[in-house]
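A short reminder: the numbers here are calculations on the coordinates, not readings from a lab. Predicted model only: the values in this text are computed from it and were never measured. Note that each Cβ is placed from the backbone with ideal geometry, even for glycine, and that neighbours are counted across all protein chains shown.
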Amino acid sequence: MSMSFKSWQYRGHALALALCGVALLSACKGDRIDPQAPAAEPVAALQQLARQVADNDLIGYARASVPPADYARLQAAWSQGHSRWPLTELPLDGQLLPMLAALSQPDAPQRLQRSFDAQIAGQATGVRQAAHSMGLFGVQYLRNQSDYTDAQRAHYSQVVNALSKWAAAAPLTDKQRARTTITLLTATARTAGLSTDEQLQAAGMEPSLRRLAPFFKAFKTALASYGLSLDGALTGLRGELVSQLGNDAVVRVQYPLAGEQIDAQVRMTRRDGHWYVTRTLEDAQAVLQAAQVAQAEHDARQGADAEAAAQVKDGASAPAKP
């Protein structure tokens, strides 16, 4: 699959921001959160997830995202071919494998550099205009999307505006920087050796996450070289408890992104004494329910095929009528 480096870079921003956001749901403006204040349990749980992503510990992040029993079922669903969670938590997750496949091609460094030289190098004014237009389009798109709540639109609009400002000022047209980035991403993609669903299936969930971690780290390193520090956003995440009613809580969080302070709220749910992001629990349950249905259909087909084969065998072995 042939794509320009520019399109990969945009998708990479979205891909990394999925983990950076740690399933943040909605926004609220207010004063700065005191970083020295003791963290409530739901806040500490959210900060733990952020630290694991900053440390490129994708397995640890996945394990801490759902209760142990759900995690085991998600592993089984992966092995049965019915789930690719937690990869499906990422935006544009359908583009991950095509991107890895294209980056892994033997001629990828040369092809990407040619594409960059032809389309981006020396086009600083055009890139700045495109970044500005992307910000305007992104905000307008969010306003018109009925799938989002008002609070979600407010949060995502903050992110789009911050990224638009960053892209307009970042050295995205720097040829040497692009060469370094291309070399880094193509090398780590080839090392991962995961570019098809069959390879993910064969590797299993945890080995796949382990092999993808260096690629994820390389992506963050590349973005940091252009002035976008996702690790800074993750380690700079601060939170305070807004409300708690039994096993449900709302946490207000702030995190720095591209020179802006993003302000949002996260719903948390307590299960068996541990706090989890509610949105992640809901997504995981949807995956598990779909996997259960798919496995039941698979088992039914296998049973029907076995019964049909037995009938054919019985018919073949029956004595012929005189």
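Summary of computed values
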quantity: Sparsely packed trypsin sites (Lys or Arg not before Pro) within region 88-173, loop by DSSP, other Cβ within 10 Å at most 10; calculated: none
quantity: Region 57-215 - percent relative contact order, Cα under 8 Å, separation 6 or more; calculated: 37 percent
quantity: Cross-link reach list, aspartates and glutamates versus Lys217, counting only Cα pairs under 19 Å and skipping chain neighbours closer than eight places; calculated: Asp55, Asp57, Glu89, Asp93, Glu206, Asp231
quantity: Environment charge of Val242, counting only residues whose C-beta is closer than 11 Å and scoring Lys/Arg +1, Asp/Glu -1; calculated: +1
quantity: Overall Cα dimensions of region 94-249, principal axis frame, Å, largest first; calculated: 55, 46, 30
quantity: Neighbourhood charge, 12 Å Cβ-Cβ cut-off, centred on Lys165 and excluding it, Lys, Arg +1 and Asp, Glu -1; calculated: 0
quantity: Cα gyration tensor shape of region 31-185, rounded if a/c is under 1.5, else prolate or oblate by comparing a/b with b/c; calculated: oblate
quantity: Value of Rg to Rh for region 191-245 (Rh from inverse mean 1/r over Cα pairs, i.e. Kirkwood); calculated: 1.19
quantity: Equivalent ellipsoid dimensions for region 174-301 as semi-axes, Å, which come from the Cα gyration tensor, largest first; calculated: 32, 29, 10
